[in-house]
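Participant: My structure is below; once you've seen it, I'll send some questions.
FYI, it's all coordinate maths here, none of it is from the lab. Bear in mind the structure is a predicted one, so any value in this text is a computation, not a measurement. Every residue, glycine as well, gets a Cβ built from its backbone with ideal geometry; the counts of neighbours run over all protein chains shown.
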Amino acid sequence: MLELTMHLPGQVAIDTLAIPVCEDADIHDSPVIQQLVSKAVSLEEFSGKARESLTLYDLPETDIHRAVFFGLGKQADIKTEDLRIFSGKIVNKCISAGLDQVELVVPTPRWVGLEPAMVVRTMAEGAVLANHVFDYYKDLRDKKPLKKIRLLVKPTDYQLYGDMMSQIVRICRATHLARNWVNIPANDKRPEHFAEILMEAGNKAGLKTRLLDTLRLERMGCGAILAVAGGSQSPARMVVMEHFPNRKSAATVVLVGKGVTFDSGGLHLKGSQNLQGMKADMAGAATVAATMTVLPGMELGLNVVGIMPLVENMPSGTALRTGDVIRTFSGKSVEVANTDAEGRLILADAIGYGLKTYDPVVIIDLATLTGACVVALGEKMAAVFTHDRELEKAIFQAGQDTFERCWPMPLPEDYKEYLKSNIADICNLPSTRYGGAITAALFLKEFAGNSSWAHIDIAGPAFAKKGSAYCGPGGTGFGVRLLWQVLKKLAVSLG
Ligand code: BES
Ligand code: MN
Ligand code: ZN
């Protein structure tokens, strides 16, 4: 689907060639491309300003059927994200036009002032990420993903980056998978069913998978997961995926993803505005599971475990009540003062289980945990909470690399007093309405023991009402590329 090519226009016939252009500098060192660009900018309507575009047809001297020029603005301002956006927009344009292939000209890295591998990588990422439509419920006959995307590079880069392409495709396809799962409506992914979907994906990928049902969860003492699921007609499940390429190596990383297939709030029923989009409350689980599926065959040299607790948070005669006290996996008791603070409850069990079962060097959880996080950082950034400064740096840096931005947040000791309960070890609802993302993280921390733990709150970026350059509306798959990047960094630092 994605491949590199080094055949310049004129050497082969090209159906659609897309060329990024700067308004103030040449960014292509190939004379053929330069000639095409000068032809475009000689016209009044195109100068290479950001987001400007121009299409020319049938350029006979080069045998190009369609040449699309796209403005990147000023050369000094180009960032790698602009290249993802370029590729994404071009691929979207081609899909909308009903085309089935495109060739993207990679600018000369030195001439755009960016690291060569990053230029090729981000161009490829933007293209593959954009090459996705969610058509489970609608026949999008005239909106099919492209069959072929080629990146035109120099012969030396052709040698260097060929292998990287298949990795990028794997990871971007996993991102599509996570998006699809988030997009599936809640009636088609209730815990029993979603568990099967995840198991199938895990097995197909060659992971060792385990499906824990209600009975198992009861025996294990996962009282919080069972309590949250109590209001639903669909029983709780927990899916565990293991990738142990090297059993003797001590380093195991555990990833935990919040899997609330629909969050109605429970008896603390959400208002009509807040119910919208709550099918996406399993995005953490989707991201973790999708990330797990890329690991077999990637030779990471790390043991990685993905844990997905799956519940539906519903009000009913069997639902969790306000004031109930439940017993978690760790043995700690929790007073449930608000049934809508359910994510922290199921994560408490899953994190406890992950620690006890796998004794990981690092444990990371991803969750659409708090509305407060969206208030704090907006809809395009995740919050990172950890005491481990190295891990914080790794996650922050990975977020900069992939543009799945993660901002470090504090875990102030004294805020723990907001979680005091008179009758249980801890209360799930803080006594203040301020700093809700922080108090939620502090709640989780009580179940993470002394491990190196990080919590990533993805409530904002997991779902987007409007599409963007390389992601359609709905689930974004936020975190798949990020986690892969973090795992690579951990493999280096731990290995
Ligand atoms: N799933 C929600 C958080 C959420 C809100 C995700 C908006 C995505 C968009 C979570 O379970 C929740 O309801 N949190 C409450 C916690 C409160 C009751 C302490 C919240 O943020 O209001
Ligand atoms: Mn909730
Ligand atoms: Zn929730």
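Participant: Looking only at region 177-494, where both bridge partners belong to it, what percent of the DSSP beta bridges are antiparallel (to the nearest 5)? Can you show the working numbers first?
Facilitator: Details: 22 of 48 bridges.
So the antiparallel bridges in region 177-494 amount to around 45 percent.
Participant: With +1 on each Lys and Arg Cβ and -1 on each Asp and Glu Cβ, and nothing else charged, work out how big the dipole of region 89-233 is about its Cα centre, in Debye to the nearest 20.
Facilitator: Details: 22 positive and 15 negative charges, 46 e Å.
Here region 89-233 has a charge dipole of around 220 debye.
Participant: State, as an integer percentage, the relative contact order of region 2-154 based on alpha-carbon contacts under 8 Å between residues 6 or more apart.
Facilitator: 31 percent
Participant: How do LYS148, LYS189 rank when sorted from fewest to most other Cβ atoms within 10 Å of their own Cβ?
Facilitator: Ascending number of Cβ neighbours within 10 Å: LYS148, LYS189.
Participant: Continuing with the same structure: At 222 nm, what helix-only mean residue ellipticity would the chain give, in deg cm²/dmol to the nearest 500, using -39500 (n - 2.57) for each DSSP H run of four or more?
Facilitator: Values: 15 runs with 183 residues, N = 495.
Calculated from helices alone, the mean residue ellipticity at 222 nm is -11500 deg cm²/dmol.
Participant: Taking the Cα centre of region 177-494 as origin and charging only Cβ (+1 Lys, Arg; -1 Asp, Glu), how large is the dipole, in debye to the nearest 20?
Facilitator: Charge dipole, region 177-494, about its Cα centre: 460 debye, nearest 20.
Participant: Hey, which aspartates and glutamates would be in cross-link range of LYS393, C-alpha to C-alpha under 13 Å, not counting anything within fewer than 8 residues on its own chain?
Facilitator: ASP401
Participant: If you don't mind, there's one more thing I want to ask. Where Lys and Arg each count +1 and Asp and Glu each count -1, what net charge lies around ASP29 among other residues with Cβ under 15 Å from its Cβ?
Facilitator: Values: positive: ARG110, LYS154; negative: ASP26, ASP157.
Residues near ASP29 contribute 0 overall.
Participant: Okay, next question. Among SER96, ILE363, SER53, which residue has its Cα positioned farthest towards the positive end of the charge dipole of the chain, with +1 placed on the Cβ of Lys and Arg, -1 on the Cβ of Asp and Glu, and the dipole taken about the Cα centre?
Facilitator: Highest projection toward the positive end goes to ILE363.
Participant: In degrees, nearest 10, range 0 to 90: what is the angle between the Cα axis of helix 480-494 and the longest Cα principal axis of the chain?
Facilitator: 80 degrees
Participant: In terms of the Cα gyration tensor, with a ≥ b ≥ c the square roots of its eigenvalues, is region 177-494 rounded because a/c is under 1.5, prolate because a/b exceeds b/c, or oblate?
Facilitator: Note, shape of region 177-494 comes out rounded.
Participant: Now for a separate question. Volume per residue, Å³, of the convex hull around the alpha-carbon atoms of region 99-258?
Facilitator: Per residue, the Cα convex hull of region 99-258 comes to 176 Å³.
Participant: Mind jotting down the distance between the C-alpha centroids of region 431-484 and region 41-116, whole Å?
Facilitator: If you average the Cα positions of each part, the centres end up 34 Å apart.
Participant: Something else now. So if I place +1 on the C-beta of Lys and Arg and -1 on the C-beta of Asp and Glu, and nothing else carries charge, what would the dipole magnitude of region 393-440 be about its Cα centre? I want it in debye, nearest 20.
Facilitator: Taking the Cα centre of region 393-440 as origin, the dipole is about 100 debye.
Participant: Now, a different point. Taking the number of other C-beta atoms within 10 Å as the exposure measure, put HIS243, HIS455, HIS65, HIS132 in order starting with the fewest.
Facilitator: Values: HIS243 26, HIS455 29, HIS65 13, HIS132 21.
Listing HIS243, HIS455, HIS65, HIS132 from fewest to most nearby Cβ atoms yields HIS65, HIS132, HIS243, HIS455.
Participant: Using Cα-Cα distances under 8 Å and only pairs 6 or more residues apart, what relative contact order does region 201-270 have, in percent? Don't skip to the end; give the middle numbers.
Facilitator: Values: 44 pairs, mean separation 22.9, N = 70.
Computed value for region 201-270: 33 percent relative contact order.
Participant: What do you get for the angle between helix 31-41 and the principal long axis of the chain? Use alpha-carbon atoms, 0 to 90 degrees, nearest ten.
Facilitator: 80 degrees
Participant: DSSP loop chymotrypsin sites (Phe, Trp or Tyr not before Pro) in region 94-200 with at most 12 other Cβ atoms within 10 Å of their Cβ, which ones?
Facilitator: Passing sites in region 94-200 are TYR136, TYR137.
Participant: Can you grab the distance from the C-alpha centre of region 382-417 to the C-alpha centre of region 254-302, Å, no decimals?
Facilitator: For region 382-417 versus region 254-302, the Cα centre distance is 19 Å.
Participant: Continuing with the same structure: Quick one: net charge around LYS466, please, counting Lys, Arg +1 and Asp, Glu -1 for every other residue with C-beta under 15 Å from its C-beta. It would help to have the intermediate numbers written out before the result.
Facilitator: Values: positive: LYS89, ARG179, LYS380, LYS465; negative: GLU379.
Combined, the nearby Lys, Arg, Asp and Glu give +3.
Participant: Going toward the positive end of the dipole of region 376-495, with +1 on Lys and Arg Cβ and -1 on Asp and Glu Cβ, which of GLY477, THR439, ALA459 do you reach last?
Facilitator: GLY477
Participant: If you don't mind, another one. Assign one of three labels to region 425-495, namely rounded, prolate or oblate, based on the Cα gyration tensor with a ≥ b ≥ c the square roots of its eigenvalues; rounded applies when a/c is under 1.5, prolate when it is not and a/b is larger than b/c, and oblate otherwise. Please list the in-between numbers first.
Facilitator: Numbers: a/c = 3.88, a/b = 1.19, b/c = 3.27.
Oblate shape, in that a/c is at least 1.5 and b/c is the bigger or equal ratio.
Participant: Sort TYR470, TYR434, TYR418 by Cβ crowding within 10 Å, fewest neighbours at the top.
Facilitator: TYR434, TYR418, TYR470
Participant: Run the count for region 2-154, please: Lys pairs, Cα-Cα under 16 angstrom, 8 or more apart or on different chains.
Facilitator: Lysine pairs satisfying the spacing and distance rule in region 2-154 number 12.
Participant: Here is a follow-up. Rank GLN167, ALA67, GLY306 by how far each Cα sits towards the positive end of the charge dipole of the chain (+1 on Lys, Arg Cβ; -1 on Asp, Glu Cβ) and give me just the farthest.
Facilitator: Selected residue: GLY306.
Participant: Then there's this: Please report the relative contact order for the chain, taking Cα pairs under 8 Å with a sequence separation of at least 6, and give it as a percent rounded to a whole number.
Facilitator: 15 percent
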